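Just below is one structure, and these are the notes that go with it.
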Amino acid sequence: MFKQIVSIVVFLLAALSLTSPIHAQQRDVMLVLDASNSMWGQIDGKNKIVIAREVVRDVLGDIPSDVRLGILAYGHRSEGDCGDIETVVPVGPVDSSAYMSVIDGISPKGRTPLTEAVRRAAEALKYTDVPATVILVSDGIETCNADPCALAAELESAGIDFTAHVVGFDVSAEEAASFSCLAELTGGQFFQARNAGELTDALDTAVQEVAAAEPEPQPEPVEQPAHTGPNLKLSAVPAEGMEPLQKGPYWVISEPQADASGKRKEVKRSGSALPELELPPGRYWVEVSHKQARQGREIEIPENGVAEEVFVFGAGRLTIVALPSEGAEPLGQAYWIVYSAAKDMSGKREEIARSGSAKADFFLPAGDYYVEGQFKSAKAGKEVSVEAGKLTEEAVVLGAGMLVVSASVTENGDPLDDVMFIVQEANADLSGKRKEIARSARQIAEFGLPAGKYRVVATTGEAEGSTEVEVAANQRTERQIVIDLGALQLKTSVTGLSGEPSGVPIRYDVYSATKDMSGKRTSITASTRPVPVFRLPSGDYFVVARLGSQNVRAEADVKVSTGQLAEVAIEQQAGFVKFVVDGDPSDRVRWDVMDASGQKVGASVREELDYVLAPGDYEVRLTVGDTATTETFSIGSAESKEIRVAPPS
């Protein structure tokens with residue numbers, strides 16, 4: 001997977017060099033990197049953010065000198081801020097070491113405002129004045145209540161020549177459909193990086209589309225024949241007797257003989273639909289492709305005269321839309337996969353093509369296929385037949401409805417943020433578990449679902465609410481889930497110390513107020529933030545606060561009320577002690593600190609250490625090698641003390 005992602009980004013940036021030959025207008029590029037919290041997820045045992053850094057490092061060395069690149073990141077500075085978008089490297093000539101010093105410092109934290117990030121990238125590129133290209137790499141969907149499809153249409157209509165390429169990094173089909181429109185509506189390419197086969201197909205299609213849309217690169221010098229002028233004219237038709245295609249075919253001319261691995265040495269390629277080329281006379285292998293159709297054969301260019309070759313695809317066009325119910329208007333969003341009609345021995349069909357367009361448009365060799373359409377969590381398919389040279393229009397009825405869910409603390413209250421909605425089957429299995437259908441972290445979550453009954457669970461912090469709901473085809477059902485929710489804010493002070501303790505580890509543990517039959521409390525949640533805010537169901541709780549890692553501990557009984565924030569300040573009794581070896585120890589060092597009862601409260605092998613201790617009397621033992629010396633000391637609350645102990649002689 002790592003090599004696949006590298007290949008995608010290398011291709012996209014390398015392909016942009018096709019827009020910058022000597023006589024072409026220079027194009028600026030902005031690479032938008034997802035630094036949301038989900039980038040800590042793993043692929044093949046490696047964090048996705050680590051993969052992304054390594055990808056960019058490899059890519060920077062391959063960018064042509066006439067391509068100017070900028071880097072924009074989102075979600076890397078704040079956990080819940082949808083405005084956390086920053087141009088970390090302005091557009092300019094590539095300085096690999098300077099770029100990587102910035103990118104290596106990016107640490108995923110927050111949400112996924114990918115729509116606004118693309119807008120800001122386009123504005124930074126001055127897309128309304130000059131050609132501009134944005135490459136978005138995202139491992140998840142928009143989570144900040146924005147519409148990437150609407151933005152794509154806006155940028156495409158307002159830009160001089162705006163293109164967005166999108167890499168869906170480890171995303172599902174449903175997630176891919178939600179933001180692939182950024183590429184499709186701007187003339188770019190969407191890549192779903194999941195396996196080597198899909199990656200190869202994606203790159204083949206992308207190379208064709210990019211080359212066809214951009215000025216043809218200057219060919220490498222070849223030995224010229226005695227005469228001048230084109231001596232090879234190529235065209236492609238969908239079926240016998242039809243007019244040549246005027247847009248789309250992509251041509252590769254190679255030497256006729258293949259090597260032992262079956263590969264031919266490439267001579268020339270062209271993105272022109274009707275190329276007129278000049279080549280040395282002789283035999284060549286010509287391959288033409290357009291979308292999912294491909295043809296190839298050997299041709300000969302005569303010594304004198306022109307070879308005019310027509311290639312017949314034997315293919316037809318298939319357009320398909322998704323309907324929520326019979327007779328309804330087509331859905332404005334869908335994701336499609338075209339499979340072979342026949343199944344193999346294991347019952348699986350071969351995948352032929354994909355599309356994230358609401359109205360998918362395929363150019364397929366004549367034959368039978370199985371087309372599967374998906375709208376969010378609703379899915380259906382049908383068998384279709386494609387005839388050469390003809391347009392086949394189909395519709396797939398998904399039997400889908402829309403469920404819109406929000407959560408609040410009270411009936412008809414304002415929607416809560418930071419809520420996870422999980423849609424489950426209505427009926428539980430024999431073990432009492434329900435199968436999950438879909439989930440969303442949007443403040444107002446929208447689910448496309450097959451008609452039927454469901455259970456929706458809303459969770460935030462440690463609080464939860466649920467509702468039963470029935471979804472009807474081609475209907476919008478809205479539900480608000482009321483969650484019994486309050487908030488608890490904790491902070492720590494030290495008796496005798498002005499202000500909060502800084503630089504000292506703090507841990508809060510929240511437990512049930514009651515104990516079980518064995519005398520134990522149920523652990524609810526915990527945090528190491530200095531001032532955490534816990535979302536909890538209303539009720540009574542028991543809190544344990546620890547300062548440092550030794551013996552400073554305080555307890556508190558707290559009450560959380562629905563819709564209210566309980567602010568609790570916990571006062572600690574703590575002193576601050578620094579232990580220092582007073583001299584040069586000749587051997588390994590070990591500290592042991594005991595309280596007045598002889599109970600060990602800490603140990604370390606560092607020569608200097610800082611402890612936070614409860615007020616009282618203590619004994620410290622310094623061991624160097626096999627010899628030890630001890631000292632006693634006392635510490636009071638808010639008192640700071642340095643204890644210097646000479647190595648034993």
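The values are calculated or read from the model by the stated rules, or taken from the named source; none is laboratory data. Keep in mind that what you see is a predicted model, and the values were worked out from it rather than measured. Every residue, glycine as well, gets a Cβ built from its backbone with ideal geometry; the counts of neighbours run over all protein chains shown.
Close contacts from segment 377-406, counting a first residue that is in contact (Cβ under 8 Å) with a residue 12 or more places away in the chain and a second that is among the basic types (Lys, Arg), with Cβ to Cβ under 6 Å and a gap of 6+ residues or different chains, come to LEU391/ARG317; VAL396/LYS382; MET402/ARG476; VAL405/ARG479. Does at least one position in segment 538-560 carry a residue that is on the phi > 0 side of the Ramachandran plot, part of a loop (DSSP other than H, G, I, E, B) and exposed (fewer than 15 other Cβ atoms within 10 Å of the Cβ)? No, the conditions are met nowhere in segment 538-560. In the set SER138, SER96, only one residue is touching a helix residue (DSSP H, G or I) at 6+ places or on another chain (Cβ under 6 Å), crowded, with 18+ Cβ neighbours inside 10 Å and of a type in the set (Ser, Thr, Tyr); that residue is SER138.
Among the residues of segment 480-505, the ones that are at pLDDT 95 or above and within 33 Å of the chain's Cα centre (by Cα) come to 10 in all.
Going residue by residue through segment 102-112, is there one that turns out to be closer than 30 Å to LYS379 by Cβ and of a type outside the set (Lys, Arg)? Yes, because at least one residue in segment 102-112 is closer than 30 Å to LYS379 by Cβ and of a type outside the set (Lys, Arg).
Can you spot a residue in segment 573-586 that is touching a Ser or Thr at 6+ places or on another chain (Cβ under 6 Å), closer than 19 Å to GLY503 by Cα, in contact (Cβ under 8 Å) with a residue 40 or more places away in the chain and surrounded by fewer than 18 Cβ atoms within 10 Å (Cβ to Cβ)? No, the conditions are met nowhere in segment 573-586.
Among the strands (runs of 3 or more DSSP E) confined to segment 276-320, the ones with at least 3 residues that are within 30 Å of VAL396 (Cβ to Cβ) are located at 293-301. Restricting attention to segment 598-623, the residues that are among the β-branched types (Val, Ile, Thr), in contact (Cβ under 8 Å) with a residue 40 or more places away in the chain and farther than 21 Å from PRO505 by Cα add up to 1.
Being in contact with a strand residue (DSSP E or B) (Cβ under 7 Å, 6 or more places away or on another chain), under 17 Å from MET594 (Cβ atoms) and loosely packed, with under 15 Cβ neighbours inside 10 Å is the requirement here; does ALA628 meet it? So ALA628 fits the description; yes. Is it the case that segment 31-51 has a residue that's among the charged types (D, E, K, R), in the same structural domain as ALA121 (by TED's automatic domain parsing), part of a helix (DSSP H, G or I) and at pLDDT 80 or above? There is at least one residue in segment 31-51 that is among the charged types (D, E, K, R), in the same structural domain as ALA121 (by TED's automatic domain parsing), part of a helix (DSSP H, G or I) and at pLDDT 80 or above. Report yes if some residue within segment 346-363 is outside the structural domain of ILE422 (by TED's automatic domain parsing), among the hydroxyl-bearing types (Ser, Thr, Tyr) and either surrounded by 19 or more Cβ atoms within 10 Å (Cβ to Cβ) or touching a Leu at 6+ places or on another chain (Cβ under 9 Å) (or both); otherwise report no. Scanning segment 346-363 turns up at least one residue that is outside the structural domain of ILE422 (by TED's automatic domain parsing), among the hydroxyl-bearing types (Ser, Thr, Tyr) and either surrounded by 19 or more Cβ atoms within 10 Å (Cβ to Cβ) or touching a Leu at 6+ places or on another chain (Cβ under 9 Å) (or both). Taking the criterion of being of a type outside the set (Val, Ile, Thr) and either buried (at least 19 other Cβ atoms within 10 Å of the Cβ) or in contact (Cβ under 8 Å) with a residue 40 or more places away in the chain (or both), the residues of segment 315-331 that qualify are ALA315, GLY316, ARG317, LEU318, ALA322, LEU323, PRO324, SER325, GLU326, ALA328, PRO330, LEU331.
Of the set (1) at pLDDT below 95; (2) surrounded by 13 or more Cβ atoms within 10 Å (Cβ to Cβ), all apply to ASP595 but (1).
Apart from one condition, THR525 fits all of (1) surrounded by 15 or more Cβ atoms within 10 Å (Cβ to Cβ); (2) part of a loop (DSSP other than H, G, I, E, B); the exception is (2).
Consider PRO275 carefully, then state whether it is surrounded by fewer than 17 Cβ atoms within 10 Å (Cβ to Cβ) and farther than 21 Å from ALA177 by Cα. When the stated conditions are applied, PRO275 does not pass them. If we scan segment 396-403, do we find a residue that is surrounded by fewer than 19 Cβ atoms within 10 Å (Cβ to Cβ), of a type in the set (Val, Ile, Thr) and part of a strand (DSSP E or B)? For segment 396-403, residues surrounded by fewer than 19 Cβ atoms within 10 Å (Cβ to Cβ), of a type in the set (Val, Ile, Thr) and part of a strand (DSSP E or B): present.
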